[in-house]
Amino acid sequence: SQTIHQWPATLVQPVGSPLSLECTVEGTSNPNLYWYRQAAGRGLQLLFYSVGIGQISSEVPQNLSASRPQDRQFILSSKKLLLSDSGFYLCAWSSLQGYGNTIYFGEGSWLTVV
Amino acid sequence: AQTVTQSQPEMSVQEAETVTLSCTYDTSENNYYLFWYKQPPSRQMILVIRQEAYKQQNATENRFSVNFQKAAKSFSLKISDSQLGDTAMYFCAFTTGDSWGKFQFGAGTQVVVTP
């Protein structure tokens, strides 16, 4: 069965510090990968998605970047965090194979920028 | 532009009662998939139910069922025999099923089940 893990679960970082959130998927190959952000009490905002290694599409201009160094690894980064980067970050994957076109989410990472 | 609208920010229901959440969407595509996700206080996003647009039969998963009205672009979720564990934020979502697999989510409806 397929699983998705992301870490760290909770992070408190000062303004101007770097960020690295990591996500890995197991049990599937060539998944679509996504990073979403959810501000408090709000819906999901798609930040990045990737259809393959090194292929990243950005949905929202911002202080963040994403990378996909391996087929099932997706990393969200920032060189200098802003207060507005605080929020709940969700990694997710989907695939056209199998049950097809359903998106599955990781456990999420809470980021507080202070 | 493809959009998803959930017009009910919050709904309250008593245990064992039924609640219906509304969702409308807008797309020019003919082939797409619709979903309801549940986000309990743990913040884990959990798939509740899935509907393929080409299927006329409404999807059902135990106490959860949908009313899919393709012409009206409506996709409501009915929770029957509500339980305290159903308390969560519910998100409606859809994807057009192309190779990009981009998913559009609604703003969510907070469901509170009371004893």
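A few points about this structure:
- Every residue from the range B:85-115 that is surrounded by fewer than 17 Cβ atoms within 10 Å (Cβ to Cβ), part of a strand (DSSP E or B) and out of contact with any Asp or Glu (no Cβ under 6 Å at 6 or more places or on another chain): B:112, B:114
- Among the residues examined, residue A:78 does not qualify as surrounded by fewer than 19 Cβ atoms within 10 Å (Cβ to Cβ) and away from chain B (no Cβ under 14 Å).
- Residue in the range A:17-35 that is within 14 Å of another protein chain (Cβ to nearest Cβ), in contact with a strand residue (DSSP E or B) (Cβ under 8 Å, 6 or more places away or on another chain) and among the hydroxyl-bearing types (Ser, Thr, Tyr) present: yes
- Residue match in the range B:38-61 (condition: within 14 Å of chain A (Cβ to nearest Cβ), among the aromatic types (Phe, Trp, Tyr) and more than 21 Å from residue A:45 (Cα to Cα)): yes
- With respect to the conditions (1) surrounded by 15 or more Cβ atoms within 10 Å (Cβ to Cβ); (2) modelled with pLDDT of 95 or more, residue B:63 falls short on a single one, namely (1).
- Screening the candidates B:13, B:19 for the property of being under 13 Å from the mean Cα position of the chain (by Cα), surrounded by fewer than 21 Cβ atoms within 10 Å (Cβ to Cβ) and either touching a residue at least 24 places away in the same chain (Cβ under 8 Å) or within 30 Å of residue A:30 (Cβ to Cβ) (or both) yields one hit, B:19.
- Failed criterion for residue B:82 (all others in (1) open to solvent by 10 Å² or more (accessible area, probe 1.4 Å); (2) more than 22 Å from residue A:43 (Cβ to Cβ); (3) away from chain A (no Cβ under 11 Å) hold): (1)
- Pick from the range B:22-37, criterion farther than 20 Å from residue B:85 by Cα and open to solvent by less than 30 Å² (accessible area, probe 1.4 Å), ranking: nearest to the other protein chains (Cβ to nearest Cβ): B:32
- Checklist (1) more than 9 Å from chain B (Cβ to nearest Cβ); (2) of a type in the set (S, T, N, Q); (3) open to solvent by less than 70 Å² (accessible area, probe 1.4 Å); (4) within 28 Å of residue B:32 (Cβ to Cβ) applied to residue A:102, failing item: (1)
- Matching residues, the range B:19-39, being in a loop (DSSP other than H, G, I, E, B) and at pLDDT below 95: B:27, B:28, B:29, B:30, B:31, B:32
- Residues of the range A:42-74 that are within 11 Å of chain B (Cβ to nearest Cβ), open to solvent by less than 70 Å² (accessible area, probe 1.4 Å) and outside any strand (DSSP E or B): A:43 alone.
The values are calculated or read from the model by the stated rules, or taken from the named source; none is laboratory data. Quick caveat, the model's predicted, so the values are computed rather than measured. Because the Cβ atoms are built from the backbone with ideal geometry, glycine has one as well, and the counts that use them run over all protein chains shown. What goes into the accessible areas is simple: the full protein's heavy atoms, side chains included, and nothing from ligands, DNA or RNA. Shrake-Rupley method; radii C 1.70, N 1.55, O 1.52, S 1.80 Å.
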